[in-house]
Every structure is written in structure tokens, then in C-alpha cells.
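Novice: Got a structure here, written out as C-alpha cells. Questions coming.
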Amino acid sequence: MAITKTNFINYTRCARYFSLEQVKKDRLEADISYDEYKKEEKAEQLAEILGGMYEIGEDEEEIDLIDKKNIQLEAMMPYYNEVEIQAGILVEKYFGGNTKYAYKTKDQECFDFNRHGLRYLCYIDVYNEMENGTNIIEVKATTNRKYVDLKANYPKQDKYSIFAKIDNTYYLKEDIEGYDIESEMPLDKYYKQREKLFDRYGVGSYIYDLAVQRFIIEGEYKESNNLEAIKNTHYYLAVLNSSYIFDGTYIDGKAIYNKSADNEEIVVFFDMTKITEEFQKIILQDAIKLENNIKNSQIKECDLGKWCGYKKQNCCKFFGPICGKCIPKKNSSLNYIHNGFGFKNENGERIKGLELINKGYIDMLSIPEEWIVNPAHKIQRDCLSFSSEYIDKEKIAAGLKLLKYPIYHLDFETFPCPMPRFKGEWPYIQSPFEFSLHIEREPGVCDFDKDNYVFLNSDLSDQREEMIKKMIELMDPDQGTLFAQNVAFEKGRIKELASIFPKYKEPLMKLYERGFDLLWIINTKSDIYKDLGYDEERAKLFNYYNKNLSGSFSIKKTLPVFSDLSYDNLVVKNGTEAIVEYANYDKMSKEEFALKYEALRIYCKQDTWAMVLILDALRKLVK
Ligand code: SF4
């Protein structure tokens with residue numbers, strides 16, 4: 001039986017995974033082909049890309065959509081492949097020697113070894129052979145930020161990363177000769193941050209991947225008694241550089257990723273040789289666990305936990321359909337708002353997250369009343385128990401009064417591409433390709449068609465400047481309100497455009513300053529309500545709640561509460577589908593393009609119309 005890297009990661013999640021996999025598909029093949037291996041890796045790569053999108057602030061609602069639409073995100077695969085190509089090119093540039101990777105050699109180096117009747121195997125993304133040793137490079141379509149952001153400091157002093165970059169490679173500061181870590185942070189704080197690299201379900205997840213590769217590579221070396229090779233092999237992660245800014249060079253229409261003006265490369269390396277070495281004890285324990293899980297295959301239920309990856313991109317495929325099936329879609333014990341710390345029981349112990357499910361507290365009402373101390377939780381519970389509504393009419397009315405007219409209901413559709421495509425962009429920038437604008441000139445005065453303006457890119461070329469011009473033409477930067485649900489997202493895009501196109505900075509930043517969030521009226525924003533004279537507790541509490549919100553103020557939940565509008569009959573139903581249709585522009589026939597183009601216009605238009613309707617419903621609610 002072949003154990004690939006992906007199998008290793010999944011079969012060690014819990015005692016149950018392997019058995020469920022067996023039921024689903026008999027995997028007792030004696031071998032696994034390269035094509036099968038690549039198929040498994042592809043799913044993992046998509047999760048990486050989605051993880052990258054999530055890092056830059058996709059909200060929970062979008063994660064749900066993405067979970068369902070993984071397969072359609074194959075449109076992003078060419079960009080993932082480009083990350084691998086760029087990593088290969090830069091390995092050749094910075095490491096020298098001979099480099100082997102799929103996009104250059106049409107082949108990847110493979111390692112395997114046998115242990116207790118199982119054949120462990122892995123393919124190497126980039127394999128680099130030098131005179132004095134070998135470099136193993138695992139490419140991930142994530143950014144360097146998650147590692148560089150492992151920072152610590154002395155009280156009231158600047159924070160410093162535990163990594164430092166030399167010649168396009170980040171090293172742990174302890175690995176840099178003569179580096180005075182203590183001049184930047186106390187050593188115990190340094191090691192506390194370093195310890196996070198070993199959290200396979202957190203920041204250490206990709207390092208765990210690399211450590212599994214090391215386990216397999218060293219297994220093969222030990223089998224062939226090549227102990228010298230073990231000593232002379234180094235392990236690196238190659239990731240996208242979030243500080244890289246594309247200079248806009250193209251040759252024959254293809255982006256050329258030169259060094260950026262401030263000397264940054266598109267891909268950077270992290271030397272994880274020491275960390276993956278320390279990881280080997282854990283990997284060996286996990287291999288033993290894996291072998292036990294296979295030998296004593298048991299399908300009976302086991303505890304849910306962080307290994308399930310609930311609500312994350314690496315969520316176990318059995319969570320929704322099997323293990324987490326008991327969790328109701330609405331009003332479960334996990335739907336109490338902002339409840340990261342869980343509940344304190346009568347013995348003073350905290351029970352939180354999936355532990356609640358493991359202990360049988362499954363729906364919202366199953367939480368003992370005495371455990372509920374947070375006023376928001378009490379309201380949630382009462383609204384569910386009595387099918388009632390909570391409305392703070394005074395706060396809603398006060399919020400509405402802050403709106404200045406005209407209201408510009410704005411929504412962007414963006415393409416969060418791993419590779420920057422246009423001048424001034426960086427990895428995973430949310431590059432806008434469409435906006436819809438409904439202009440409400442006076443309260444309740446807005447026509448679905450006449451007051452709507454949609455700008456949608458007509459092809460995959462750079463149309464950002466035209467988009468900016470259209471925005472400035474339609475929205476007066478000196479008056480009114482820039483209005484959106486999660487306005488921070490719209491403001492973020494406007495600010496990025498202002499930084500990339502300084503010519504338009506002034507009007508764009510004026511619009512930016514006029515941002516107001518629909519959720520500040522439905523939910524709350526404590527600062528603005530405190531400024532209006534409300535006490536801390538009331539300012540913090542949501543303004544509206546009913547059981548259909550089920551602990552969430554996402555548009556998916558608020559729209560049906562305040563309007564009859566539905567996305568069900570639309571061709572493009574959500575942001576993920578919009579990304580996919582745009583990414584596939586080039587692959588469409590003329591007729592299909594015309595249909596999909598119109599579908600994208602209708603979808604985005606509905607997003608802004610939804611805000612108009614919700615705002616109107618709120619006005620009526622407090623009349
Ligand atoms: S959902 Fe969790 S408990 Fe179930 S198989 Fe997956 S990892 Fe194991």
C-alpha cells in the first residue's frame with residue numbers, strides 16, 4: 001500500500017479517517033501512479049491558494065462558498081503553476097547546481113521507502129543538486145507573511161521577527177552567525193514564537209508537509225545506507241513574497257517577474273532544515289499512529305478537534321457529510337456570537353468550540369442557561385426560544401441619521417490572484433474587475449435600473465484606470481456616503497488603487513474617508529455609538545437580532561431577513577463563481593462570453609440592490 005504525503009497528513013488526523021476512506025474507496029493498491037499522486041496534490045494546491053485568499057481577509061461567508069466550489073477554482077491552477085515555475089527559476093538563480101522540477105524537466109524527483117509493509121513516497125516540487133549536497137524545496141502558494149509575522153519584543157519596544165532575510169532566503173535568527181537576538185527580544189519570547197512552527201494545525205502546517213517529505217527522503221537514504229546524504233540535505237519552503245511589487249514588464253503578453261524596484265523577488269525561501277529535523281520525532285510518532293490506524297482500522301466515532309480543520313481550508317472532507325453532521329446548520333452551540341472563549345460550567349471549567357459538540361452540547365438551547373453571562377448570548381437565546389426579534393430602534397435610527405446623501409451603494413468583484421498580473425500589484429492583491437453602484441439620492445429614492453451603474457472588465461487586460469475614471473465620474477468625492485456591507489473591503493480596494501495610481505489619489509482617498517458600513521446599523525460599531533452618547537455595553541451590543549441570523553451578520557443571513565431577494569435563480573450566484581467566470585473569459589466562445597458577461601453584471605447589480613433594500617427595510621423598521 002502506498003502512503004503519499006497527502007495520505008500521511010490525512011491518516012494521522014484521527015483514528016477514524018483511514019477507515020472512512022476505506023469505506024469510500026478501497027485504497028489497498030500495491031502502488032500509486034505519478035498521475036494519481038498529482039491528482040491528490042492538486043486538491044492540496046487548491047487549498048493552498050484558497051488559504052492565501054483567506055490570509056488577506058476573506059470572511060467566513062466566503063469560506064463556506066469556497067468549500068462548496070473548490071472544484072471550480074481550478075481556474076486558478078495556471079497561477080499556481082506559475083508560482084512553481086518562478087520558484088524553480090529562482091532556485092537556479094540563488095542556489096546554482098542542477099535543478100529538477102516538473103515545469104522544466106516534465107518530471108519530478110521521487111523518493112520512497114518501505115516501513116512495516118507500507119510504501120511511503122513523495123515527489124519533490126523543486127530538487128536542487130549541488131556539489132556538496134542537495135536542497136529540497138517545497139513550493140507553497142502562500143505568502144511569507146505568516147512566518148515573518150512571528151514577532152516578539154521587549155515591553156514598549158519595537159517588535160522583531162524571529163526570521164531574517166539574507167540573499168532572498170529567510171533564516172531563523174539563531175542560525176545566523178553572530179546575530180544578537182537578545183538586543184531585539186528576550187530569548188524566552190523568541191522561543192515561544194519559534195514553538196509555533198511546530199503547530200501542524202496552525203502556522204506550522206506547511207512545515208509539517210516538508211517534515212513528512214524529510215521523513216520519506218531520509219527513509220530512502222537509510223534504506224540505501226547513504227548516511228552522508230542525510231547530513232548534506234537541506235530543506236526549504238518557497239513562498240510568495242508579500243513585499244514584491246510587479247513592475248509591469250511583459251514579453252509577448254507574458255508577465256516577467258523581474259526584481260522589484262526595492263530589490264524584492266517574487267518568491268522567497270525559508271531555510272527549515274533545523275525545524276524539520278526537530279520535527280522528525282513528531283513525524284515518527286505520527287507514522288506509528290498512522291500504522292496503528294491502518295492496522296486497527298476503526299470506524300467508530302472519535303472526538304472532533306483541531307485536526308478536523310473545521311471552518312478552515314484544510315477541513316477534513318468527512319466533517320460535513322459524516323463526523324460533524326450532527327451540528328445543525330442553524331443555531332448550533334457554535335453559533336453564539338464572538339464566543340471564542342466558550343462557556344464556563346458550574347465547576348469553573350471552560351468548554352469551547354468543538355469540545356461542546358463532543359460533550360453533547362449541540363444546539364444553541366442545549367447550553368445550560370446558568371452558563372450564559374454575555375448579554376448578546378442571552379438575547380440570541382431568547383430570540384430562538386420565543387421566536388422573537390430584538391430591535392434597538394433608537395440606535396438604528398441614530399445610525400441612519402449619520403448617513404449623508406447621496407448614498408453610493410458600492411460593491412467590487414475582485415480577483416485575488418496568487419501572481420500579480422498588472423503593474424503595481426503584489427501577490428494575492430484583490431484586483432478589482434467589476435463594480436456595481438446604486439445611487440440613492442434621497443432616503444428611499446433609488447431605481448433598480450436607472451440609478452445603477454456597472455463597470456465590468458471586457459477582457460483579462462488591465463482596465464483599472466478606466467474603472468477609476470468611471471468611479472470618480474459617478475461618485476462625488478466631496479459629498480455623500482460610500483456605503484457597503486463590510487465597507488473595509490471596498491475601502492481597502494480604493495486605497496490600493498490610490499496607491500497604485502497616485503494621479504487619482506486625492507478623489508479616491510476622499511471617497512475612502514466617506515466609508516460607512518451597513519453592518520454598523522444592523523449589528524453595531526461601538527466607537528460611533530459611544531460618540532453618540534450610548535454607554536459602553538449598549539454601544540457594543542448588536543442593534544438587531546432574530547433567530548434566522550443564527551449568529552451571523554453576513555449578507556447571506558441578513559438579506560432574507562430584510563428582503564425577498566434571492567440569488568437562487570441567478571447564473572452567477574456568489575463571489576467565487578464570479579471569480580471563476582472572469583478567470584475563464586479566455587476559454588469562452590463568443591456566445592458563452594456574452595451570456596456570462598451579462599450574468600456577472602446581474603450578479604453584482606443584485607449585490608448593491610440588496611443593500612438598498614436592506615437599508616430601506618431598516619428605515620421602515622424604526623419609523
Ligand atoms: S472529520 Fe475529524 S474526526 Fe472525522 S475523520 Fe475527519 S479528522 Fe477525523
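Novice: Among the residues of region 568-578, is there at least one that is over 22 Å from Pro416 (Cβ atoms) and in the same structural domain as Phe593 (by TED's automatic domain parsing)? It would help to see each step written out before you state the result.
Specialist: As a first pass, look at region 568-578 and keep what is over 22 Å from Pro416 (Cβ atoms): 568-569.
Within this subset, residues satisfying the condition of being in the same structural domain as Phe593 (by TED's automatic domain parsing) are 568-569.
The answer is yes; a qualifying residue exists.
Novice: Where the second residue is near the ligand (Cβ under 9 Å from one of its atoms) and not in a loop (DSSP other than H, G, I, E, B) and the first is touching a residue at least 60 places away in the same chain (Cβ under 8 Å) and lies in region 309-332, which pairs have Cβ atoms under 7 Å and are six or more apart or on separate chains?
Specialist: Listed by first residue and then by second, the contacts come to Cys315/Cys308; Cys316/Tyr17; Cys316/Cys308; Phe318/Tyr17; Phe318/Leu20; Ile322/Leu20; Cys323/Cys308.
Novice: Quick one: would you say Asn335 is out of contact with any Cys (no Cβ under 6 Å at 6 or more places or on another chain), more than 16 Å from the ligand (Cβ to nearest atom), modelled with pLDDT of 95 or more and open to solvent by less than 40 Å² (accessible area, probe 1.4 Å)? Explain how you work it out, then say what you get.
Specialist: Numbers: out of contact with any Cys (no Cβ under 6 Å at 6 or more places or on another chain): yes; more than 16 Å from the ligand (Cβ to nearest atom): yes; modelled with pLDDT of 95 or more: yes; open to solvent by less than 40 Å² (accessible area, probe 1.4 Å): yes.
So Asn335 passes the test.
Novice: Let me ask you something else. Any residue that is acidic (Asp, Glu), open to solvent by less than 50 Å² (accessible area, probe 1.4 Å), in the same structural domain as Leu613 (by TED's automatic domain parsing) and over 14 Å from Lys404 (Cα atoms) - is there at least one of those in region 501-520?
Specialist: no
Novice: Can you pull out the residues in region 302-314 that are part of a loop (DSSP other than H, G, I, E, B), within 8 Å of the ligand (Cβ to nearest atom) and over 14 Å from Leu334 (Cα atoms)?
Specialist: Of everything in region 302-314, those that are part of a loop (DSSP other than H, G, I, E, B), within 8 Å of the ligand (Cβ to nearest atom) and over 14 Å from Leu334 (Cα atoms) turn out to be Cys302, Asp303, Gly309.
Novice: Does region 450-498 hold any residues that are part of a strand (DSSP E or B) and closer than 27 Å to Asn584 by Cβ, and which are they?
Specialist: Taking region 450-498 as the starting set, the residues that turn out to be part of a strand (DSSP E or B) are 452-456, 481-484.
Asn452, Tyr453, Val454, Phe455, Leu456, Ala484, listed by residue number.
Novice: Go through the residues of region 571-582 one by one and say whether even a single one is without any contact (Cβ under 8 Å) to a residue 40 or more places away in the chain and loosely packed, with under 15 Cβ neighbours inside 10 Å.
Specialist: From region 571-582, those without any contact (Cβ under 8 Å) to a residue 40 or more places away in the chain are 571-573, 581; that's our starting set.
Still in the running and loosely packed, with under 15 Cβ neighbours inside 10 Å: 571.
Checked against the condition, which is being without any contact (Cβ under 8 Å) to a residue 40 or more places away in the chain and loosely packed, with under 15 Cβ neighbours inside 10 Å, region 571-582 yields at least one hit.
Novice: State which residue is nearest to Ala15 (Cα to Cα) when the search covers only region 292-343 and only residues that are in contact with a Gly (Cβ under 8 Å, 6 or more places away or on another chain) and among the polar types (S, T, N, Q).
Specialist: Asn314
Novice: List the residue pairs whose Cβ atoms are under 9 Å apart, where the first residue sits in region 161-185 and is closer than 11 Å to Val268 by Cβ, the second is part of a strand (DSSP E or B) and β-branched (Val, Ile, Thr), and the two are 6 or more positions apart or on different chains.
Specialist: These pairs meet every condition: Lys165/Val268; Asn168/Val267; Asn168/Val268; Thr169/Val268; Tyr170/Val268.
Novice: I'd like to check something: does region 539-560 contain any residue that is more than 28 Å from the chain's Cα centre (by Cα), in a strand (DSSP E or B) and either closer than 26 Å to Leu403 by Cα or without any contact (Cβ under 8 Å) to a residue 24 or more places away in the chain (or both)?
Specialist: Yes, the conditions are met somewhere in region 539-560.
Novice: Name the residues in region 321-332 that are near the ligand (Cβ under 9 Å from one of its atoms) and either on the phi > 0 side of the Ramachandran plot or open to solvent by less than 50 Å² (accessible area, probe 1.4 Å) (or both), would you?
Specialist: Within region 321-332, Cys323, Gly324 qualify.
Novice: In the set Leu384, Leu365, Leu400, Leu334, which member is farther than 30 Å from Lys530 by Cα and of a type in the set (A, V, I, L, M)? Give the steps one after another, and end with the answer.
Specialist: Numbers: Leu384 fails: farther than 30 Å from Lys530 by Cα; Leu400 fails: farther than 30 Å from Lys530 by Cα; Leu334 fails: farther than 30 Å from Lys530 by Cα.
The match here is Leu365.
Novice: Taking region 563-600, which residues are outside any loop (DSSP other than H, G, I, E, B), among the aromatic types (Phe, Trp, Tyr) and out of contact with any strand residue (DSSP E or B) (no Cβ under 8 Å at 6 or more places or on another chain)?
Specialist: Tyr585, Phe593
Novice: Follow-up question, since we're still on this one. Tell me, please, whether a residue that is crowded, with 17+ Cβ neighbours inside 10 Å, within 20 Å of Tyr405 (Cβ to Cβ) and either of a type in the set (S, T, N, Q) or in contact with a Leu (Cβ under 6 Å, 6 or more places away or on another chain) (or both) can be found in region 597-609.
Specialist: Yes, that holds for at least one residue.
Novice: Kindly indicate which of Tyr179, Tyr171 is closer than 16 Å to Val239 by Cα, open to solvent by 30 Å² or more (accessible area, probe 1.4 Å) and not in a helix (DSSP H, G or I).
Specialist: Numbers: Tyr179 fails: closer than 16 Å to Val239 by Cα.
When all the criteria are applied, what remains is Tyr171.
Novice: Just to be sure before I move on: is Asp531 open to solvent by 60 Å² or more (accessible area, probe 1.4 Å) and either more than 20 Å from Pro432 (Cβ to Cβ) or not hydrophobic (A, V, I, L, M, F, W, C) (or both) in the structure I sent? Spell out the reasoning first.
Specialist: Working: open to solvent by 60 Å² or more (accessible area, probe 1.4 Å): yes; either more than 20 Å from Pro432 (Cβ to Cβ) or not hydrophobic (A, V, I, L, M, F, W, C) (or both): yes.
Yes: the conditions hold for Asp531.
Novice: Moving to a separate point now. Can you tell me which residue in region 256-301 is nearest to the ligand (Cβ to nearest atom), limited to those that are open to solvent by 70 Å² or more (accessible area, probe 1.4 Å) and not in a helix (DSSP H, G or I)?
Specialist: It comes out as Glu301.
Novice: Output the qualifying pairs, or none if there are none: Cβ atoms under 7 angstrom, residues six or more apart or on different chains, first residue in region 257-276 and under 19 Å from Arg145 (Cα atoms) and in the same structural domain as Arg194 (by TED's automatic domain parsing), second residue among the hydrophobic types (A, V, I, L, M, F, W, C) and open to solvent by 60 Å² or more (accessible area, probe 1.4 Å).
Specialist: From region 257-276, the pairs are Ser260/Ile245.
Novice: Moving on to the next point. Which residue pairs have Cβ atoms under 9 Å apart, sit 6 or more places apart or on different chains, and have a first residue in region 1-12 that is assigned to a loop (DSSP other than H, G, I, E, B) and a second that is of a type in the set (A, V, I, L, M) and within 16 Å of the ligand (Cβ to nearest atom)?
Specialist: Met1/Ile294; Thr12/Leu290
Novice: Limited to region 338-395, what total is found for residues that are small (Gly, Ala, Ser) and crowded, with 16+ Cβ neighbours inside 10 Å? Show your work before the answer.
Specialist: To start, the set of residues in region 338-395 that are small (Gly, Ala, Ser) comprises 340, 342, 348, 353, 360, 366, 376, 385, 387-388.
Subsequent filtering for residues that are crowded, with 16+ Cβ neighbours inside 10 Å retains 342, 353, 376.
Number satisfying all stated conditions: 3.
Novice: Do the conditions hold for Asp209, that is, is it within 30 Å of the chain's Cα centre (by Cα), surrounded by 14 or more Cβ atoms within 10 Å (Cβ to Cβ) and among the acidic types (Asp, Glu)?
Specialist: So Asp209 fits the description; yes.
The values are calculated or read from the model by the stated rules, or taken from the named source; none is laboratory data. Treat the numbers as computed from the prediction; the structure is a model and nothing was measured. Here Cβ is always computed from backbone atoms with ideal geometry, including for glycine, and neighbour counts include all displayed protein chains. Accessible surface is based on the protein model in full, side chains and every heavy atom, while ligands, DNA and RNA are left aside. Shrake-Rupley method; radii C 1.70, N 1.55, O 1.52, S 1.80 Å.
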